[in-house]
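Presented below is the structure to which this report refers.
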Amino acid sequence: MLAGLRLPADRGTRLTANADMKDGTMENRYGTLASWVYHLDKPIGRSFGDIEFYRDRLSDCKGPILEPAAGNGRVLIPLLEAGFDMRGFDASADMVAHCRSACEARGLSSPLDIARFESFDYDTCFDAIVIPAGSFQLITDPQHALSVLGRFRDALAPGGRLILDLDALSCLAETAPVARHWQSGDDLLTLVERRASTCFQRQTTLSQLRYEHWRDDRLVASELQLFHLRFWGVLEFELALRTAGFTGICVHGDYRAGTALQADASVFTFEAHTPH
């Protein structure tokens with residue numbers, strides 16, 4: 001997941017397939033320390049209810065499935081182990097390296113590539129595209145988001161499904177700074193996040209994240225990231241999906257399929273189809 005860095009009960013920082021990221025900038029760029037922290041905090045298979053939800057929703061899917069912004073493989077690898085024909089990509093070479101290493105340790109072939117939302121290209125059509133943890137929110141320009149949704153539609157087979165998570169719009173109001181740390185052997189990793197700005201008109205947030213690597217009470221390395229996100233209203237995103245050519249749209253709250261959508265849901269999962 002990701003909208004700023006969440007506390008342990010939440011879904012965590014998001015992955016780095018930001019279509020708005022320019023090469024050489026710090027915005028939404030996951031380097032070595034950021035990827036290391038993500039891998040420690042969100043190891044392979046750690047679920048927030050999303051892995052089980054996606055596994056259930058995809059149970060009748062027989063063809064290939066694509067996960068954009070797959071990161072370290074937290075969701076992709078459990079689905080791969082469950083027998084799904086998974087492919088994936090991420091913009092961060094460091095995150096892809098974590099995923100490939102985890103696949104190798106499990107005796108799995110690595111289905112992950114380095115690519116971005118606006119540049120991925122596969123010869124096959126997919127039965128489903130899944131984007132857990134709100135990674136789609138890394139696209140902060142609405143017109144760019146519509147363009148990417150169109151690329152997803154074109155990458156799906158007729159009748160294929162797009163399933164993706166978005167954080168609730170109420171997250172725009174969360175401004176408290178966050179400080180966290182992780183121990184890895186003799187290494188201490190720290191993270192401090194502060195909200196730099198909030199634009200309610202554009203429904204975007206910009207946060208400053210500072211990662212530090214300590215050993216023997218000495219600072220070994222540090223990394224600064226600017227984290228830019230856009231939040232969507234439920235009806236607004238339904239309209240965006242329809243504009244992009246999707247049909248049969250339904251919305252699930254907090255990974256509870258088949259139940260009425262609750263107003264206090266913190267995660268909304270949209271499921272949409274391409275025409276047959």
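The values are calculated or read from the model by the stated rules, or taken from the named source; none is laboratory data. Quick caveat, the model's predicted, so the values are computed rather than measured. Positions of Cβ are backbone-derived with ideal geometry, glycine not excepted, and every protein chain shown enters the neighbour counts.
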**Q.** the range 27-50, residues that are out of contact with any strand residue (DSSP E or B) (no Cβ under 8 Å at 6 or more places or on another chain) and part of a helix (DSSP H, G or I)
**A.** 35, 38, 39
(Q) Show the residue pairs meeting these rules: Cβ distance below 9 Å; 6+ apart or different chains; first residue within the range 94-110 and assigned by TED's automatic domain parsing to the domain that holds residue 84; second residue exposed (fewer than 12 other Cβ atoms within 10 Å of the Cβ). (A) 103/109; 110/104
(Q) I'd like to know if the range 187-207 contains one or more residues that are in a strand (DSSP E or B), outside the structural domain of residue 133 (by TED's automatic domain parsing) and among the basic types (Lys, Arg). (A) yes
Q) Restricting the range 224-257 to residues that are of a type in the set (Lys, Arg) and under 17 Å from residue 168 (Cβ atoms), which is modelled with the highest pLDDT? A) 230
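Please find, within the range 134-174, the residue that is farthest from residue 67 (Cα to Cα) out of those that are acidic (Asp, Glu) and in a strand (DSSP E or B).
167
So, residue 128, is that one over 18 Å from residue 150 (Cα atoms), at pLDDT 95 or above and either out of contact with any Pro (no Cβ under 8 Å at 6 or more places or on another chain) or aromatic (Phe, Trp, Tyr) (or both) or not? Even if it seems obvious, please write down each step before you answer.
Working: over 18 Å from residue 150 (Cα atoms): no; at pLDDT 95 or above: yes; either out of contact with any Pro (no Cβ under 8 Å at 6 or more places or on another chain) or aromatic (Phe, Trp, Tyr) (or both): yes.
Considered against the rule, which asks whether it is over 18 Å from residue 150 (Cα atoms), at pLDDT 95 or above and either out of contact with any Pro (no Cβ under 8 Å at 6 or more places or on another chain) or aromatic (Phe, Trp, Tyr) (or both), residue 128 comes out as no.
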Q: Report yes if some residue within the range 251-270 is more than 30 Å from residue 176 (Cα to Cα) and not hydrophobic (A, V, I, L, M, F, W, C); otherwise report no.
A: yes
Q: Taking the options 272, 240, 265, name whichever one is among the small types (Gly, Ala, Ser), part of a helix (DSSP H, G or I) and under 20 Å from the mean Cα position of the chain (by Cα).
A: 240
Q: Please tell me if residue 197 is more than 30 Å from residue 128 (Cβ to Cβ), in contact with a Leu (Cβ under 6 Å, 6 or more places away or on another chain) and among the small types (Gly, Ala, Ser).
A: yes
Q: Answer yes if at least one residue in the range 236-250 is surrounded by 14 or more Cβ atoms within 10 Å (Cβ to Cβ) and under 30 Å from residue 192 (Cα atoms), and no otherwise.
A: no
**Q.** Any chance residue 73 is over 15 Å from the mean Cα position of the chain (by Cα), assigned to a loop (DSSP other than H, G, I, E, B) and modelled with pLDDT of 95 or more
**A.** no
**Q.** Any pair with Cβ under 7 angstrom, 6 or more apart, that starts in the range 167-194 at a residue that is farther than 23 Å from residue 223 by Cβ and ends at one that is assigned to a strand (DSSP E or B) and not aliphatic (A, V, I, L, M)
**A.** 168/268; 172/198; 172/205
Q. Quick one: what pairs do we get from the range 246-269, first residue in the same structural domain as residue 49 (by TED's automatic domain parsing), second loosely packed, with under 15 Cβ neighbours inside 10 Å and basic (Lys, Arg), C-beta under 8 Å, 6+ apart or different chains?
A. 249/242
Q.
Just to verify a result, which residue in the range 98-122, among those that are touching a helix residue (DSSP H, G or I) at 6+ places or on another chain (Cβ under 8 Å) and more than 22 Å from residue 154 (Cβ to Cβ), is surrounded by the most Cβ atoms within 10 Å (Cβ to Cβ)?
A. 99
Q.
Only one of 260, 221 is part of a strand (DSSP E or B) and more than 24 Å from residue 173 (Cα to Cα). Can you tell me which?
A. 221
**Q.** Residues that are over 14 Å from the mean Cα position of the chain (by Cα) and part of a loop (DSSP other than H, G, I, E, B), drawn from the range 88-114
**A.** 106, 107, 108, 109, 110, 111
